[in-house]
Amino acid sequence: MNCFKHRELTAVGTCKICSKAVCPECVLEGDRDITCSPVCEEESGLFRQLNLRAFKLYGISEKPRGLPQSVVAPMLMSGILVCAAALGFWLEPKIAFVPAIFLLMAFGVGVGAFLAWRRHKENGLNI
Ligand SMILES: [Zn+2]
Ligand SMILES: [Zn+2]
């Protein structure tokens, strides 16, 4: 994909508003979005404000419903690993290092779940 203005240059992204491909020379990087011109840049800012207002309106940022997949999945995984560790230790106490590895993995996954949960709380979105 090449730039809409400079046909010979490879595009680095597309404008969020008009979807034109832009090269590093033409790109305007706003707060978060890639845009091709000051006009699109302004529109992108407007869009963001509208979005924020909509989020507030529907209470998305204040009261997220349930936990997102990215938090639930590792939490479940961690729980399963702890159960497996307990079962392993109960069945075969002589090879306790195996459950120990499971516990370590459960801890790692648990930390991942915690980080995902914190990120979820910060942005307040169900993603
Ligand atoms: Zn544009
Ligand atoms: Zn260009």
Out of Val71, Val12, report the one residue that is surrounded by 16 or more Cβ atoms within 10 Å (Cβ to Cβ) and either away from ligand 2 (no atom under 16 Å from the Cβ) or at pLDDT below 90 (or both). Val71
Looking at the range 95-110, which of its residues are under 16 Å from Gly79 (Cβ atoms), in contact with a helix residue (DSSP H, G or I) (Cβ under 6 Å, 6 or more places away or on another chain) and aliphatic (A, V, I, L, M)? Leu103, Met105, Ala106, Val109
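The values are calculated or read from the model by the stated rules, or taken from the named source; none is laboratory data. Note that the coordinates shown come from a computational prediction; the quantities given were computed from them, not determined experimentally. No Cβ is skipped: glycine too gets one built from the backbone with ideal geometry, and neighbour counts run over all protein chains shown.
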